[in-house]
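Have a look at the structure below, then the notes.
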Amino acid sequence: MEKLTFERPVIQKINAGLPSKFGISSRMEPITDIEGIPVRRLIEEFGSPVFVFSEATIRKTYKEAWRAFSTRYPRVQFAWSYKTNYLNSICRVFHQEGSWAEVVSGFEYDKAITNGVPGEQIIFNGPDKSRDDLAKAIANGSLIHIDHFDELYEIIDLCGTSVKRPKVAIRVNMDTGIYPQWDRFGFNYENGEAWDALNRIMVSGKMDLLGLHAHIGTYMMQTGSYHIAADKLAALAVGLERKYNHVISYIDMGGGFASKNTLKGAYYPGSDTTPSFDDYAEAITSSLMKSEIKPENLPMLILENGRALIDDAGYLAGTVIANKRLADGRRATIIDAGVNLLFTSFWYEHDLRPAVNVSDQTEDTTIYGPLCMNIDVIRGSIQFPLLKKGDQYVIRRVGAYNNTQWLQFITLRPNVVMIDITGTPHIIRHGETLNTINDLESVPEHLESTDNGTTQRTK
Amino acid sequence: MNIRNNIAISESGFVFDPSTGDSFSLNPVGLEILLLIKQGNTSEQISDLITSRYQVEKSVFERYYFDFTSMLKQYHLLVDNE
């Protein structure tokens, strides 16, 4: 007789409480495959844990966002936010779809160039642009978004030696009704610093002022803030036209759209509360259309979204290492991916699912990563099915920031795989080896021997 | 080790403790083990019975079994009589 499938025995105390009419199903649907490939096979072939990206989802999400904006506004351009995920294959999918590159360092700038992005389609943001970075960006005709006066004067100085005129915009920060207000990037609107910077650029006569840029925040749930920001940038554009008869080419609204991940402390899941691309598009485009900018001078609208375009396409699949019982009787499950790989677990309640079919039984569980660190918690408390050592799991919506903020801490970073639109998996970043780390190190001659030298000193 | 006499156990895995008013739910394997304990089986006998019926190694089962019984003790459903 064939034996029955074993599920570990569990007893749960029933805590009766007032039922919520907005109650969410406690049933956790497993994710047994990604783009048609069984998770078990992905782990067998590429190891555990493994990041998996769906090219089809990236393209679908991009098209959805593009439709929302391009149907509301005549000239729209997306620029892929490199810092969100700068794996070359990911960037190239966005570039194939039509995205420019938005970079915030010399390293990211060079990555965009090696990905074949023309210099004039690279937007250079960020507070740290070296003199060499700026000179390169000027020579390539890239769009330099000036962050502070020191940078502005550096560019004016470079104009003396450069053949080409720099193409610039200023970054503007402002009160958009959100708290805390982001005021560290660019020049402030309300205190007149932004207008002052624009005057200095225009009076210098040495640069081409092409645009205005704002990056009002990240994971913005209030679309109204974008409306206010667009109003204020439009007012600056109108001011430039009135005073200098200068028409700007573009307004860049930055990024910051929320993904459907759930923030820690949020009452409702992100999938229920995150504004849609249509909501954001309506807030921004309606503001620009009703502004006093003349219709024939409507600037190109640039968006630098990262998180909202890539989060859904990324998965992290792995294996349960162990189960244990905590002092208060709660279950703890240890998985093979921790905060070293999933940096975003510091601010998200990640959607963690079993990769195998499980019963409806769940237990209040803390999910720990494999690091020897108390802070290595993926989920503090989750009603989780009864997975055993060796069972596999999948974490959804991990495409943003994890492959750029991950840490080489204690262990090595794993393979990253992309499943193309035909359903074929490809390694797009190889798992690290001991050599990856050791090759960067050098040992002074006197430390080459592991002998501590005592013998020599006593001689 | 046995289940306290006044604990009510339903066929569907619902457990009620009349002395505290607490109720609990069991998954099917948990229910089966609880009933085997109630019938007076020893840990070795329970291990033999379960591993002959389910796809699980003895060493693996014992880990989960002792974890399960520690929870029964934590909820004051078990009494030691051995």
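The values are calculated or read from the model by the stated rules, or taken from the named source; none is laboratory data. No experiment lies behind these values; they were computed from the predicted model shown. Positions of Cβ are backbone-derived with ideal geometry, glycine not excepted, and every protein chain shown enters the neighbour counts.
Matching residues to (1) more than 17 Å from A:Gln361 (Cα to Cα); (2) not basic (Lys, Arg):
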{"site": "B:Pro28", "(1), (2)": "no, yes"}
{"site": "B:Lys38", "(1), (2)": "yes, no"}
{"site": "B:Asn41", "(1), (2)": "yes, yes"}
{"site": "B:Tyr54", "(1), (2)": "yes, yes"}
{"site": "B:Arg63", "(1), (2)": "yes, no"}
{"site": "B:Phe68", "(1), (2)": "no, yes"}
{"site": "B:Val79", "(1), (2)": "yes, yes"}
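Specify the residue that is nearest to the other protein chains (Cβ to nearest Cβ); the eligible residues are those in segment B:64-82 that are farther than 21 Å from B:Ser25 by Cα and acidic (Asp, Glu). Result: B:Asp80. Taken over segment A:251-280, the criterion of being within 26 Å of A:Ala101 (Cα to Cα) and in a loop (DSSP other than H, G, I, E, B) is satisfied by A:Met253, A:Gly254, A:Gly255, A:Gly256, A:Ala258, A:Ser259, A:Lys260, A:Asn261, A:Thr274, A:Pro275, A:Ser276. Residues that are out of contact with any helix residue (DSSP H, G or I) (no Cβ under 8 Å at 6 or more places or on another chain), away from chain A (no Cβ under 12 Å) and exposed (fewer than 12 other Cβ atoms within 10 Å of the Cβ): does segment B:54-63 have at least one? No, that holds for no residue.
Filtering A:Val416, A:Val377 for residues that are closer than 30 Å to A:Lys13 by Cβ, more than 14 Å from every other protein chain (Cβ to nearest Cβ) and either touching a Cys at 6+ places or on another chain (Cβ under 9 Å) or of a type in the set (Val, Ile, Thr) (or both) leaves a single hit, A:Val377.
Cβ-Cβ contacts under 6 Å between residues 6 or more apart (or on different chains), taken from a first residue in segment A:400-424 that is in contact (Cβ under 8 Å) with a residue 12 or more places away in the chain to a second residue that is in a helix (DSSP H, G or I) and of a type in the set (Asp, Glu), are listed as A:Ala400/A:Asp311; A:Met418/A:Glu55; A:Asp420/A:Glu55; A:Ile421/A:Glu55. Given the criteria modelled with pLDDT of 95 or more, among the hydroxyl-bearing types (Ser, Thr, Tyr), assigned by TED's automatic domain parsing to the domain that holds A:Asp252 and surrounded by 21 or more Cβ atoms within 10 Å (Cβ to Cβ), does A:Thr84 qualify? In short, yes.
If you go through segment B:39-49 one residue at a time, do you hit one that is of a type in the set (A, V, I, L, M), part of a loop (DSSP other than H, G, I, E, B), without any contact (Cβ under 8 Å) to a residue 60 or more places away in the chain and within 11 Å of another protein chain (Cβ to nearest Cβ)?
Here is the first cut: in segment B:39-49, the residues of a type in the set (A, V, I, L, M) are B:46, B:49.
Then drop every residue that is not part of a loop (DSSP other than H, G, I, E, B), which leaves none.
No, there is no match, as no residue in segment B:39-49 is of a type in the set (A, V, I, L, M), part of a loop (DSSP other than H, G, I, E, B), without any contact (Cβ under 8 Å) to a residue 60 or more places away in the chain and within 11 Å of another protein chain (Cβ to nearest Cβ).
For segment A:345-353, the condition of being over 21 Å from the mean Cα position of the chain (by Cα) and of a type outside the set (Asp, Glu) holds for at least one residue.
Scanning segment B:11-20 turns up one or more residues that are more than 8 Å from every other protein chain (Cβ to nearest Cβ), farther than 20 Å from A:Leu4 by Cα and among the polar types (S, T, N, Q).
Is it the case, given these coordinates, that A:Thr333 is among the hydroxyl-bearing types (Ser, Thr, Tyr), within 14 Å of chain B (Cβ to nearest Cβ) and under 30 Å from A:Phe51 (Cα atoms)?
Details: among the hydroxyl-bearing types (Ser, Thr, Tyr): yes; within 14 Å of chain B (Cβ to nearest Cβ): yes; under 30 Å from A:Phe51 (Cα atoms): yes.
Taking the combined requirement at face value, the residue satisfies it.
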